[in-house]
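The values are calculated or read from the model by the stated rules, or taken from the named source; none is laboratory data. Computed from a predicted structure; not experimentally measured. In this analysis, Cβ positions are derived from the backbone assuming ideal geometry, glycine residues included, and neighbour counts consider all displayed protein chains. With ligands, DNA and RNA removed, areas are computed over all heavy atoms of the protein, side chains included. Shrake-Rupley method; radii C 1.70, N 1.55, O 1.52, S 1.80 Å.
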Amino acid sequence: MMAAPLVSPIESWAMPEKISNWAGNLVYSTDKIVYPKSVEELQKLIVQYPKMKVLGTKHCFNTIADSKDQFVSLRDMNRMVKLDTEKSEVTVEGGMKYGELAPIIDEKGFALHNLASLPHISVAGAVTTATHGSGLKNGNLSTQVVAIQFINASGEWIELKKSDGEKFNATVVGLGALGAIANITLKLQPKFQMRQWVFEKLPLSQLRDNFETIESAGYSVSLFTDWTTESINEVWIKERSSSPSAYGGKPEFFGAAAATKNVHPIIELSAENCTEQMGVDGPWYERLPHFKMGFTPSSGKELQAEYFVSKQNAVDAILAIQKIGKQISPHLFISEIRTIDGDDFWMSPCYKQPSVAIHFTLKQDWPNVSKLLPVIEKTLEPFNAKPHWGKLFTMSPAKLSTLYPKMKEFKNLVAEFDAKAKFRNAFLSRNLYGK
Ligand SMILES: Cc1cc2nc3c(=O)[nH]c(=O)nc-3n(C[C@H](O)[C@H](O)[C@H](O)COP(=O)(O)OP(=O)(O)OC[C@H]3O[C@@H](n4cnc5c(N)ncnc54)[C@H](O)[C@@H]3O)c2cc1C
């Protein structure tokens with residue numbers, strides 16, 4: 001998978017002219033990049049280049065976005081195209097970030113059902129890798145999509161709507177393989193207020209015995225842990241102000257104690273970068289993400305990996321990881337456990353399966369992390385764990401293909417929209433085609 005160089009931060013600083021990903025662990029394989037300002041320009045560029053990749057906000061940790069030939073960035077195509085207040089739908093250009101979109105729709109009285117931990121990522125880049133937030137009844141961010149408009153490898157404008165059924169389901173989580181998403185239409189709901197409550201040191205035994213109840217304690221629940229003790233370090237409960245959690249404002253939650261001040265998921269770090277907690281009301285887009293738009297999310301200099309298991313297997317999978325906690329913790333900043341409802345998207349890790357994602361924010365030490373990931377993957381193998389498409393993993397393409405029942409049909413669709421493999425990079429060649 002690591003066809004492109006994963007470099008130490010020192011090496012990447014020494015090559016300032018190169019384009020790196022957000023975390024700085026990856027220097028992309030070309031620095032050739034163009035910034036179209038319109039759909040027409042984008043179409044011309046796609047016709048012009050025999051090989052290329054569309055680059056979003058560069059938040060993936062692996063080489064899924066990489067190209068050795070040419071990048072097209074939709075940085076300058078970040079406008080709202082249409083807000084349909086009748087249908088509660090918004091259409092945005094392919095370069096728009098959630099953090100740019102959210103205040104605009106909020107002002108008009110609308111909200112998205114969920115967001116990822118950070119608002120800095122582009123809608124198109126997030127949707128194409130099945131990026132998710134948390135919540136037992138909340139599908140990933142791709143489930144907000146009701147229509148997708150992209151330019152295929154021949155420069156043609158393709159539009160697919162939810163009513164197109166399976167072809168739409170095949171396209172939304174497209175892994176950047178089908179074309180350049182020029183516009184994307186998202187389903188909205190009325191805007192809402194939210195608040196967050198944090199509890200510290202949840203005994204693991206409580207999680208084992210009450211997993212479903214704990215995960216149902218709010219609209220969106222996240223568990224943060226470092227696997228070093230018999231407790232989950234922090235439980236973040238995000239509730240809609242109009243349907244308060246039974247636990248908000250209480251001193252205790254299944255043996256965990258209410259935090260007395262705002263905290264960072266990595267307890268040693270300042271909570272300044274984090275969205276407001278302690279039950280303070282705020283708009284949905286300033287509570288659903290853990291990190292504020294204007295601030296560095298997470299730790300910064302880090303690596304990330306994440307694995308999805310079915311909800312039924314979640315407790316066993318978490319306990320299995322806890323058993324290898326001593327191997328993980330020297331390389332770990334923090335882990336996060338979240339729930340995601342099932343969906344219909346062929347290449348989504350949550351395809352037809354309500355899921356639990358076990359995430360690892362790791363130190364930026366690829367030599368050691370590359371040895372650790374196979375251990376985590378082996379531990380989670382009995383639970384058919386699938387890796388996040390945008391994060392690091394070492395699983396073989398053969399194994400991946402067994403986890404995606406629609407992989408073959410997806411590749412047929414790729415052939416239809418991109419017959420000459422214009423958008424196929426080393427990541428796709430390896431992970432979809434085993435080359
Ligand atoms: C600090 C941090 C926190 C994160 N938190 C979460 C989280 O809470 N939940 C989660 O699931 N993930 C999370 N991620 C991962 C992140 O959401 C995904 O990696 C996401 O895909 C990044 O989007 P991007 O715009 O940066 O895309 P890029 O990394 O730039 O590209 C990703 C893929 O999208 C394609 N692409 C981008 N734009 C287009 C377009 N317009 N048309 C066609 N293809 C396109 C690229 O070709 C590539 O294949 C996090 C990452 C970081 C760094």
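A few notes on this one:
- Of all the criteria given as (1) within 16 Å of the ligand (Cβ to nearest atom); (2) of a type in the set (A, V, I, L, M); (3) open to solvent by less than 10 Å² (accessible area, probe 1.4 Å); (4) free of Cβ contacts under 8 Å to residues at least 40 places away in the same chain, the one not satisfied by A217 is (1).
- Matching entry among G99, G133 (being modelled with pLDDT under 95 and either not acidic (D, E) or not assigned by TED's automatic domain parsing to the domain that holds T171 (or both)): G99
- Restricting region 85-103 to residues that are more than 10 Å from the ligand (Cβ to nearest atom) and open to solvent by less than 10 Å² (accessible area, probe 1.4 Å) leaves a set whose member that is farthest from the chain's Cα centre (by Cα) is V90.
- Residue that is farthest from Y28 (Cα to Cα) [pool: residues in region 48-65 that are open to solvent by less than 60 Å² (accessible area, probe 1.4 Å) and more than 8 Å from the ligand (Cβ to nearest atom)]: Y49
- Condition check for D344: more than 28 Å from I232 (Cα to Cα) and at pLDDT 95 or above: yes
- Checked against the criterion of being of a type in the set (K, R), within 24 Å of Q327 (Cβ to Cβ) and either open to solvent by 10 Å² or more (accessible area, probe 1.4 Å) or assigned by TED's automatic domain parsing to the domain that holds R208 (or both), region 344-362 has no qualifying residue.
- Taking region 389-431 as the range and being within 15 Å of the ligand (Cβ to nearest atom) and open to solvent by less than 10 Å² (accessible area, probe 1.4 Å) as the test, the residues that pass are W389, G390, L392, F393, F410, V414, D418, F423, F427, L428, N431.
- Region 66-84: number of residues that are open to solvent by 20 Å² or more (accessible area, probe 1.4 Å) and within 8 Å of the ligand (Cβ to nearest atom): 0
- Complete set of residues in region 165-197 that are within 20 Å of W389 (Cα to Cα), open to solvent by 20 Å² or more (accessible area, probe 1.4 Å) and hydrophobic (A, V, I, L, M, F, W, C): I181
- Search result, residues across region 395-432 that are within 26 Å of Q70 (Cα to Cα) and either part of a loop (DSSP other than H, G, I, E, B) or in contact with a Cys (Cβ under 7 Å, 6 or more places away or on another chain) (or both): D418, A419, K420, A421, K422, F423, R424, N425
- The residue that is nearest to the chain's Cα centre (by Cα), counting only those in region 140-155 that are open to solvent by 10 Å² or more (accessible area, probe 1.4 Å) and over 30 Å from Q48 (Cβ atoms), is T143.
- Yes/no for P203 being surrounded by fewer than 17 Cβ atoms within 10 Å (Cβ to Cβ), touching a Ser or Thr at 6+ places or on another chain (Cβ under 7 Å) and farther than 21 Å from A102 by Cβ: yes
- Some residue of region 171-179 being within 11 Å of the ligand (Cβ to nearest atom) and over 18 Å from the mean Cα position of the chain (by Cα): yes
- Within region 225-240, the set of residues being outside any strand (DSSP E or B) and crowded, with 16+ Cβ neighbours inside 10 Å comprises D226, W227.
- Residue pairs meeting the criteria (Cβ under 7 Å; at least 6 apart or on separate chains; first closer than 28 Å to K191 by Cα, in region 234-257; second part of a loop (DSSP other than H, G, I, E, B) and among the basic types (K, R)): K238/R287
- Qualifying residues in region 267-290 (those that are in contact (Cβ under 8 Å) with a residue 24 or more places away in the chain and more than 13 Å from M194 (Cα to Cα)) - the one least open to solvent (accessible area, probe 1.4 Å): N273
- Whichever residue in region 114-159 is closer than 29 Å to A415 by Cβ and touching a Lys or Arg at 6+ places or on another chain (Cβ under 6 Å) and, among such residues, is nearest to the ligand (Cβ to nearest atom): S122
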